[in-house]
Structure formats: C-alpha cells, structure tokens
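Please read the structure below before turning to the comments.
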Amino acid sequence: MPNLVVAAQRYVTVDHRQFLLHDFAWDDVEQPPLNADESPGVGERSVRVMSLIHDHDVVVDVQVWDGEPSDSAVPLVAEVAIESLSGIAVLAELMGGFAGLPIPLGMPGRYAVRIRRSLGFPAAERWQVNASGERDGLESYLLQLWRLPNEEAGQPPGEGRQS
C-alpha cells in the first residue's frame, strides 16, 4: 500500500488558462508545448496544466507518494511523466514566477504526474460569470506524483526497466 510522503497546498494564479509544474532544475528554454485543446503540454522536465477558465486563482494540492496512489474521488484529467534532475518540484505561474515554496520529491528520477481537477460549476457553464464579472470557487487541482520504478534520471522512458 503506497504511503503519502509530502502534502503541500499552493495558491496559483492561472494566466491565459495555464500554470506549470516543473523540476527545480528546469530551464525555461524547455517550455512544454501549448496544445490546441485542453490537454496538458508535456515537456521533458515540466508539464503545462491547462485550466478551463482564463485568469483566476486556484488552489493546487500536491501529493508526493512512495508508490502509485489509489484512486481518488477527484476527476482525472490526465496522467503524464516528467523527469526530475533535482528531486524537487515547483509550481509556477505563467507571468509571476514560483507559486510558493519548492516541493521535495525525494530523489532525482522519472515521476508520474496524475492531474485531477474539481470544478465549482458545471463544465457547460464555464464561460458564465456572476454579477460582479467574476467566478468564485472555479476550480481546484490535485497533482499526485510518484517516482516510476526502475527509471533513472537522464534515461528515455522505459530504458531503466528490468525485463
């Protein structure tokens, strides 16, 4: 049974419908792709999380596990993998830098990232706003990370696996 190793909560300003999770050693020259749809853009050491709404604040809960976590009630958006050279991750805003303190992962290697999103509104109503022109409680995110077994930093996915 996997154990929760680190739990961190960050408040992130979503700008142009996106925020980033990346390795602390990441170089911003390595921007993950911006997909035409709402799917996350995955780079070698970063993932661009796409929101359903432009320019708002979200709560992001980050969980680091010592193995693949069990299922959650929070709806799944995507599961991707990124490399960490530092063993530390950060959440970053598109225009504002880091969103809070870095988050320890434990050690360098390849990490699975499960992106989950809760909506404070029906998805069909995502473009509607309240009388003040804002939406309250729009979205919250749960990012679950765990180190992939037998995957070493610097190797292509699957190269470190034993047959």
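The values are calculated or read from the model by the stated rules, or taken from the named source; none is laboratory data. Note that this is a predicted model, so its numbers are computed, not measured. Reconstructed Cβ throughout: ideal geometry from the backbone, glycine too, with neighbour counts over all protein chains shown.
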Set 34, 52: member being surrounded by fewer than 18 Cβ atoms within 10 Å (Cβ to Cβ), in a loop (DSSP other than H, G, I, E, B) and without any contact (Cβ under 8 Å) to a residue 60 or more places away in the chain: 34
Any residue at all in the stretch 23-30 that's at pLDDT 85 or above, touching a strand residue (DSSP E or B) at 6+ places or on another chain (Cβ under 8 Å) and closer than 19 Å to residue 138 by Cα? no
Inside the stretch 106-143, the number of residues satisfying the requirement of being assigned to a loop (DSSP other than H, G, I, E, B), modelled with pLDDT of 65 or more and at negative phi is 4
Identify the single condition in (1) more than 12 Å from the chain's Cα centre (by Cα); (2) closer than 16 Å to residue 140 by Cα that residue 62 does not satisfy, given that it satisfies every other one. (1)
The residue from 70, 84, 51, 39 that alone is out of contact with any strand residue (DSSP E or B) (no Cβ under 8 Å at 6 or more places or on another chain) and among the polar types (S, T, N, Q) is 70
With the structure loaded, tell me whether residue 21 is in contact (Cβ under 8 Å) with a residue 60 or more places away in the chain and either assigned to a strand (DSSP E or B) or not β-branched (Val, Ile, Thr) (or both) or whether it fails that test. yes
When you look at residue 16, is it at positive phi and in contact (Cβ under 8 Å) with a residue 40 or more places away in the chain, yes or no? yes
Report yes if some residue within the stretch 42-52 is at pLDDT below 90 and at positive phi; otherwise report no. no
Restricting to the stretch 56-92, and then to whatever is of a type in the set (Asp, Glu), over 16 Å from residue 45 (Cα atoms) and in a strand (DSSP E or B), can you tell me which residue is modelled with the highest pLDDT? 61
